[in-house]
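A short write-up of the structure that comes next.
The values are calculated or read from the model by the stated rules, or taken from the named source; none is laboratory data. Small disclaimer: the values here were computed from a predicted structure and weren't measured. Ideal geometry is used to build each Cβ from the backbone, glycine not excepted, and the neighbour counts take in all protein chains shown.
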Amino acid sequence: MSQIRAKSPQHCAQKKLVNIRHLHKKVFFTFTAFFSSLLLLVLILWFILHPTNTKPHLSLEQADIYQLAVSGTHLLNASIQLTLVATNQNQKLGIYYDEIQLFWLPVAPSFNYELDRDQSAGRLVLGLKANGLLRWKVGPWVSGKYRFNVNCVAVLLFGPSASTAAKQGQCFTTI
């Protein structure tokens, strides 16, 4: 006669086809490896693109005032031509300017007095504000729209013998 060996169901549990004790470790190491890889990718992109230099630099190159006339107590009529130059300091990123709005600062009621004083000094100080929207381009990816603000101060030569070209200008950009 031959001997029959029968194994109990307890023997199937000892084969460890699914080890419940070590399953949580495998899931933990899988998520840790995924998030570590993602963090490493973000750090590599950050070091390549150098986001501290991404802010564009806008400068007022030239400002000319034609037909400057003051009427009434605080109404100013002028024809102004200016050159605002935008430079990208980070050549690894592209910048798309979607919209730019320029306007001069409001004129105070005491503008007549200040204009007479500036004319006698031979220079005129004007403030320029610019608001707009820009987008960043990295490779084929283009970001969403970001608002930027520019504040410029222009010192213009002013008077009967001087042309009204910008002597100096300084701009500050915030994003």
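If you check E99 against the conditions, is it among the acidic types (D, E) and at pLDDT 85 or above?
So E99 passes the test.
Looking at this structure, is N131 in a loop (DSSP other than H, G, I, E, B) and under 14 Å from the mean Cα position of the chain (by Cα)?
So N131 does not fit the description; no.
Are there any pairs with C-beta distances below 7 angstrom linking a residue in segment 29-50 that is in contact (Cβ under 8 Å) with a residue 60 or more places away in the chain to a residue that is basic (K, R), with the two at least 6 apart or on different chains, and if so which?
Within 7 Å, the pairs are L49/K92.
Residue check: is A78 within 22 Å of G169 (Cβ to Cβ), small (G, A, S) and at pLDDT below 75? Give the derivation first.
Working: within 22 Å of G169 (Cβ to Cβ): yes; small (G, A, S): yes; at pLDDT below 75: no.
So A78 does not fit the description; no.
Based on this model, can you work out whether N151 counts as part of a strand (DSSP E or B), under 30 Å from L45 (Cα atoms), among the polar types (S, T, N, Q) and modelled with pLDDT of 85 or more?
No; evaluated as a whole, the condition is false for this residue.
When the residues of segment 47-70 are filtered to those that are assigned to a loop (DSSP other than H, G, I, E, B) and modelled with pLDDT of 75 or more, which remaining residue is farthest from V155 (Cα to Cα)?
K55
Evaluate the following for L84: is it aliphatic (A, V, I, L, M), surrounded by 15 or more Cβ atoms within 10 Å (Cβ to Cβ) and within 20 Å of the chain's Cα centre (by Cα)?
Numbers: aliphatic (A, V, I, L, M): yes; surrounded by 15 or more Cβ atoms within 10 Å (Cβ to Cβ): yes; within 20 Å of the chain's Cα centre (by Cα): yes.
Yes; evaluated as a whole, the condition is true for this residue.
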